[in-house]
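Down below is the structure, laid out as structure tokens.
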Amino acid sequence: GSLVRTFTPFYFLVEPMDVLSVRGASVIMNCSAYCETSPKIEWKKDGTFLNLVSDDRRQLLPDGSLLINSVVHSKHNKPDEGYYQCVATVESLGTIVSRTAKLTIAGM
């Protein structure tokens, strides 16, 4: 009764790209991962996981992409600008992390 481990495909279909946006616009950071078991998608910004549950401006779309509504950007408050990564996890299989995408907000 030897256990045979089969290879399970698990990879990103779409990874986020660098985005240049303006204050007040909506931004979508694209991400989609493929696996037979649907991966759990999470997002990191500047290395820290985003808590999207209590976030009224940022939401996870069904395909795994991150929607940021009305980007906030002022001289002293730049909560949306930074480096984003999409993290896909499949229980019992592991976690894959996307490339880092930079969100830049253009000044006036």
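The values are calculated or read from the model by the stated rules, or taken from the named source; none is laboratory data. No experiment lies behind these values; they were computed from the predicted model shown. Neighbour counts run over all protein chains shown; Cβ positions are idealised from the backbone, glycine included. Quick note on the areas: whole protein, heavy atoms, side chains included, nothing else; ligands and nucleic acids left out. Shrake-Rupley method; radii C 1.70, N 1.55, O 1.52, S 1.80 Å.
A few remarks follow.
- In region 7-56, the residues that are touching a Leu at 6+ places or on another chain (Cβ under 9 Å) and in a loop (DSSP other than H, G, I, E, B): Thr8, Pro16, Asp18, Ser26, Asn30, Cys31, Thr37, Pro39, Leu50, Leu52
- The test for being in contact (Cβ under 8 Å) with a residue 12 or more places away in the chain, in contact with a Ser or Thr (Cβ under 9 Å, 6 or more places away or on another chain), surrounded by fewer than 19 Cβ atoms within 10 Å (Cβ to Cβ) and in a strand (DSSP E or B) holds for Leu67.
- Some residue of region 50-59 being open to solvent by less than 80 Å² (accessible area, probe 1.4 Å), within 14 Å of Val14 (Cβ to Cβ), at pLDDT 95 or above and among the aliphatic types (A, V, I, L, M): no
- Residue list for region 81-95, restricted to those being modelled with pLDDT of 95 or more and either in a loop (DSSP other than H, G, I, E, B) or polar (S, T, N, Q) (or both): Glu81, Gln85, Thr89, Thr95
- If you go through region 76-98 and pick out every residue that is over 14 Å from the mean Cα position of the chain (by Cα) and crowded, with 16+ Cβ neighbours inside 10 Å, you end up with 1.
- Ala101, sole failed condition from (1) within 23 Å of Lys40 (Cα to Cα); (2) surrounded by fewer than 16 Cβ atoms within 10 Å (Cβ to Cβ); (3) of a type in the set (Gly, Ala, Ser): (2)
- Residue in region 39-46 that is more than 23 Å from Pro9 (Cβ to Cβ), surrounded by 13 or more Cβ atoms within 10 Å (Cβ to Cβ) and in contact (Cβ under 8 Å) with a residue 24 or more places away in the chain present: yes
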